[in-house]
Every structure is written in C-alpha cells, then in structure tokens.
Amino acid sequence: MPDYHIHTPFCGHAGGEMEQYVARGRELGMPEMGFADHLPLFHIEDTTLAMCQADLPLYVEKVRELQAANPDFPVRMGIEADYVREHLDDVARALGSYRFDYVYGSVHFIGGWGFDQSRFKFEFERRDINEVYEIYFNLVMKAARTGLFDVMTHLDVVKKYGHRPTVDLSDLYHEVGRALAGSGVAIELNSSGLRRPVEEIYPGPNLLEIMRGHGVPITFGSDSHKPAQVGRDFDKLLSLARGAGYTDYVRFAGRERVPWPLPP
Ligand SMILES: [Zn+2]
Ligand SMILES: [Zn+2]
C-alpha cells in the first residue's frame, strides 16, 4: 500500500533528505507514496513543530521536483493541517493556494494544550481522562465537519502516552463514525503508535471496527520522520485492516478519492 504520511526536514523535527524518503518507498516496491508534512501553525510560532510560512512554497516546489524526477513513480503532494478553531480561515487560505493531492487533518491541541508533546504530558495527570477523550473526539468531529480535510490522521492519538479511558466510549465512537462518514472523510491507519509509549496502531482495533461499520474509508501511513521509517509495520496495518473487515482502501489524486482493493 502507498505510505501517505511522510514528513520532511521542513517541519524542523524530521531528518534525512526528501530524496531518501522517495528512494525508500521505491525500494519497498510501493505503488506510489505521498508527503504530508506539517502545514504552518497559525496559533503559535514554533518552527520545531511545523514548517514556517515562508517554507510552504519551497515544500511544494520540492515535491514537484521529485514528481518530475520520478515519472514512473507517483509522489503525491499531501499536507497535514492542524485543526485549531480560531484559525480555520488561515488554514483554508493556505490549502487553497496549492493543488494538494490530499489534506490530512489532525488534532494536536486541546485549547492551548499540545497534548501529544512529551513536554506537556504531565497535564494528563491533572485532568479527568474520560473528559479528555470526550473533548478530543469532539474536536475530531468538528474538524471533519469543516470540509477542509480528506483524511483524519492518527484518529486516537490522545492515547499516545498510554492514558486510557476508564469508561466504555462506544457511544462516542459511533458518533465519531457517523460524523466522519457523513462528512465524507476517511481515516488513516498510522503505524507510528507502535513506536510510542502506547505501542498500539492508531486507531486501535475496537475503534477501527466501529469506523468500518459506518463505512469510513482508510489510508495507510507511517508518520515517518526519518527515511528508514517509510512503510514501517505496514504488514501489521494490513492485518489490522483485514481484521476489522476492510476489503479495500483509498488512494488520492487532486483531492479525488479512488478505491483500491487491499493487497492479498
Ligand atoms: Zn511531525
Ligand atoms: Zn500528527
């Protein structure tokens, strides 16, 4: 399957050259691949979290260069954009400036709390974990309904440091499934969770099965921040997808979704 979640040195926390990521994708025999680096953040100035505004055109230019250099291997131009309610106009403007193949939406902030950054994880101890999950997934639904994003990435990233809800959240997850299906948004099976303290793919099997029940399509991503991580644990992503009852996934070009059968 194509790896659609590849970062680049533009975001300030990934290593290697973009050519090396493409070379790794080719070496693995992927049918295509896609970059999805962090769109500039508009609510904070932090060049270790996302590319700065001036770098966005350079990122686009670099992806186009790689497309031209690999005529036999589609390199998709995706982007990962944060959902921050106060800055949707800025995000829409940035997304509208270029012809992206797909836009990944992510929720990395609850209010001003960057909950997936290890320097802020202490905050989990001060909060009610069930409430954190509820707030987080409500932001995911709001993000899906903006119409700005094609795919919600790392759907349950709130579990990153191993904090689990203590109550059954099935009702909430079904609500998420309806919201995503109703907004025409796909989700990503993201293997980076296996490299985090939680040691589990995003999303977990129960949540994924609920998504399948609502007909929410899937993509695949490693969330690579190093060339060697491209395609990492895709065998596990595939068996998770099959286990949840999926028989196909989607690819993107020019923000159009194309279904493909899962490989055998
Ligand atoms: Zn990143
Ligand atoms: Zn992310």
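We did not get these values from a lab; they are worked out from the coordinates using the rules stated. The structure displayed is predicted, hence computed values, not measured ones. Glycine gets a Cβ as well: all are built from the backbone with ideal geometry, and neighbour counts include every protein chain shown.
A few remarks follow.
- Dipole axis of the stretch 70-198 (+1 Lys, Arg; -1 Asp, Glu on Cβ), positive-most option in Tyr133, Val158, Gly147: Val158
- FRET efficiency for Glu256 and Lys121, using Cβ-Cβ distance with R0 set to 51 Å, rounded to 0.05: 0.85
- Under the convention that each Lys and Arg Cβ holds +1 and each Asp and Glu Cβ holds -1, the size of the dipole of the chain around its Cα centre is about 260 debye.
- Dipole of the stretch 50-116, positive end: most advanced residue of Gly105, Val75, Ala54 [Cβ charges, Cα centre]: Val75
- All lysines inside 20 Å of Lys121 as judged from Cα atoms, apart from same-chain residues fewer than 8 positions distant: Lys159, Lys160
- Working ranking of peptides 213-226, 188-201, 36-49 by packing, defined as the average number of other Cβ atoms within 10 Å per residue, highest first, is 213-226, 188-201, 36-49.
- Cα centroid of the stretch 62-107 to Cα centroid of the stretch 151-167, whole Å: 24 Å
- Distant-in-sequence amide H partners of Phe220 (H built 1.01 Å from N, under 5 Å): Tyr4, Leu189
- Other-chain or far-sequence residues with amide H under 5 Å of Ala186's (modelled H): Val151, Met152
- Taking a straight line from the alpha carbon of Lys62, these lysines sit under 23 Å away, with near neighbours fewer than eight places off in the same chain left out: Lys226.
- A crude spin-label estimate for the pair His87 and Asp171, with each label 7 Å from Cα along the Cβ direction, gives 3.5 nm.
- Take every Cα pair under 8 Å whose residues are at least 6 apart in sequence, average their separation, divide by the length of the chain, and the relative contact order is 20 percent.
- In sequence order, calculated HN-Hα J values of the stretch 85-95 (Karplus, 6.51, -1.76, 1.60; Hz; x Gly/Pro): 3, 6, 10, 5, 5, 5, 5, 4, 5, 5, 5
- Between the stretch 22-39 and the stretch 190-264, the C-alpha centres lie 15 angstrom from each other.
- Computed from the C-beta positions of Asp128 and Glu199, the FRET efficiency with R₀ = 22 Å rounds to 0.35.
- The packing ranking of peptides 65-76, 228-239, 127-138, highest mean first, is 228-239, 127-138, 65-76, where packing means the average number of other beta carbon atoms within 10 angstrom of each residue.
- Prolate/oblate/rounded call for the stretch 102-238, Cα gyration tensor, a/c under 1.5 rounded: rounded
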